[in-house]
Amino acid sequence: MTHIDLWKTIKKSLKKNHPQHAFSTWFEPITSIGLSNDELILEVPNQFFFEWIQSHYKESIQKWAVEVYGELITIKYTVSPEGSKQPPQKEIAIEEKYNGAKKSYQRNNINRHYTFASFIEGAHNQFAKAAALSTVGSLGQKAFNPLVIYGGVGMGKTHLLHAIGNKIIQEQQEKEVVCASSEKFTLDFISSIQKNRTVEFSKSYRKADILLIDDIQFFQGKEQTQEQFFHTFNELFHRGKQIVMTADRYPGEMVGLQDRLLSRFKSGLSVDIQPPDFETRVAIVMEKAEKNGLKLSYDIIELIGTHIKKNVRDLESTIIRLLAHSSLSNKEIDYALTKKVIKERLGKSSITDLTVEDIVRRVSETTHIKEREIVGASRKMEITEARQISIYLCREILGTPLVSIGIHFGGRDHSTVLHACRVIGEKTKKNHRIGTLVGELKNELSFALN
Ligand code: ADP
Ligand code: MG
């Protein structure tokens, strides 16, 4: 048996005995590179991978290797030369380029993963993304200078800011990109005072063709830093250089910033990023899962997208947690596990033991329409209404995925379910009777949650 066949056979056993995602994440990428004196040499893509295998799967691989080959086998791991090449090398080169000389306190710390390509677009961020892209195409032009991207935590502001930096580094190499959080700007400033190097400090920021400053709200209340920033800003601005900033709120609403700074900030374009809508959340979950080598079924994706609403960062960390949970417990990611992870994230009152059936029963009692009619096919007006109310409540209170609701209600498809939710959502606002009815049911049922 060649080493390649040997490894193939071991992999088959591993595949049978580990969840699919674990297999594709951790075993698929391993290649066998040789077998001699009962020693099988396996190559893993990088150091991190190696450590993960050591701490999680070493025994399992050993065990199946023994099954296939016999007691004598030992397994040696080696890290692929590709992966052991320090990936930072390139980064260092970039840093040096953008550093100018030895000024080690001013580094270009752009996250290379934050690109436009990896930025998922939805209604909530479309405008901000378009503005960011236009800025790259017309650096320093009045209409977009400065560009301020604002919005809540975890919405993708930093991602977008770095995407601008990355695109310029790739496409306009002659341009000097300087990127820093406002905290870093502050620290650099303070340490330059301590070290008597304020001139270098100024230079390091003022050499920028494009200055990217993250989270300007941290300038609030820091008078001296603001003063410094004001000068940097003005000099760059007057030389036609581009400035892009992010903030946690509309610049006009910031307190503790000098008026002259504020009016500067407001003189360009301010764009906001809103929390992602349901469709975008689903798209984000799908993409992040795929990136992490996770295969999730649609109802699981929907479950996450339904409950984790606040921002993209939470969606991302939910995926990471799922991955960790399932890797550690060696379990497939299923509905129950997902529910558990979401519960952990949101606190226990978020998803409960109240069921779709409970809701249908309660609606039936209130409307005097039989349960089996509610979940049946009749299109009589009052029955349809009771059905739509039940569907709406399942969605609102339980956060049941559209697909699952559809199944409960006589195999309807998810667009019908969505339609029902919209109809009732509208009617609760416009129709007093339905508004009250739904409101009361919702209160009563939500109360049962705790
Ligand atoms: P903010 O700066 O607004 O607090 P971040 O830019 O740090 O948010 O985003 C938090 C995380 O979510 C990051 O890992 C980022 O890559 C990811 N993220 C945010 N928005 C998107 C998006 N539209 N597409 C893909 N990933 C996103
Ligand atoms: Mg940020």
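The values are calculated or read from the model by the stated rules, or taken from the named source; none is laboratory data. Everything numeric here is computed off the predicted structure, so don't read it as measured data. Counting neighbours? That spans all protein chains shown, and the Cβs are built from the backbone with ideal geometry, glycine included. All accessible areas refer to the heavy atoms of the entire protein, side chains included, with ligands and DNA or RNA removed. Shrake-Rupley method; radii C 1.70, N 1.55, O 1.52, S 1.80 Å.
A few comments on the model shown:
- Taken about its Cα centre, the range 94-273 carries a charge dipole of about 420 debye when Lys and Arg each add +1 at the Cβ and Asp and Glu each add -1 at the Cβ.
- Taking the C-alpha atoms of the range 3-79, convex hull volume expressed per residue in Å³: 75
- With a simple spin-label model that places each label point 7 Å from the Cα along the Cα-to-Cβ direction, the separation between Met381 and Glu279 comes to 3.1 nm.
- Put simply, the amide H of Asp272, placed in the peptide plane, has neighbours under 5 Å in Tyr150, leaving out anything fewer than 5 places away on its chain.
- 1.4 Å probe accessible area per residue over the chain, in Å²: 50
- Calculated [222 nm] ellipticity per residue, helices only, for the chain: -17000 deg cm²/dmol; basis is -39500 (n - 2.57) per DSSP H run with n ≥ 4, divided by all residues, nearest 500.
- Square roots of five times the Cα gyration tensor eigenvalues for the range 94-273, Å: 23, 20, 14
- Measuring nothing but how far apart in sequence close Cα pairs (under 8 Å, 6+ apart) lie, relative to its length, the range 110-212 scores a relative contact order of 31 percent.
- Those lysines that a straight Cα-Cα span of less than 26 Å connects to Lys266, excepting residues fewer than 8 apart in one chain: Lys129, Lys142, Lys157, Lys167, Lys175, Lys184, Lys203, Lys207, Lys222, Lys241
- Build a GNM of the chain with springs between Cα atoms under 10 Å apart, and of Gly70, Gly152, Gly221 the one that fluctuates most is Gly70.
- Dipole of the range 356-449 [Lys/Arg +1, Asp/Glu -1 at C-beta], most positive-end residue of His419, Ile391, Val438: His419
- Around the amide H of Asn46, modelled in the peptide plane, lie the amide H atoms of Ser80, all under 5 Å away and 5 or more residues distant in sequence or on another chain.
- Rg in Å to one decimal, and Dmax rounded to a whole Å, for the chain via C-alpha atoms: 28.1, 82
- Over the range 278-351: Rg over Rh, Cα atoms, Kirkwood Rh: 0.92
- Amide H to amide H distances under 5 Å link Cys179 with Asn109, Leu212, where only residues 5 or more positions off or on other chains count and H is placed in the peptide plane.
- Residue pairs exceeding 30 angstrom between C-alpha atoms, taken from Lys16/Lys339; Lys340/Lys370; Lys291/Lys339; Lys11/Lys288: Lys340/Lys370.
- For chymotrypsin sites (Phe, Trp or Tyr not before Pro), no site in the range 182-212 is both called loop by DSSP and has at most 15 other Cβ atoms within 10 Å.
- Residue of His124, His113, His432 that the Gaussian network model of the chain assigns the largest fluctuation, springs spanning Cα pairs under 10 Å: His432
- Semi-axis lengths (Å, descending) of the ellipsoid that matches the C-alpha gyration tensor of the range 356-449: 17, 14, 14
- Centre separation in Å (Cα based) which lies between the range 246-288 and the range 122-179: 12
- By accessible area, using a 1.4 Å probe on protein heavy atoms only, the chain has 52% of its surface on carbon and sulfur.
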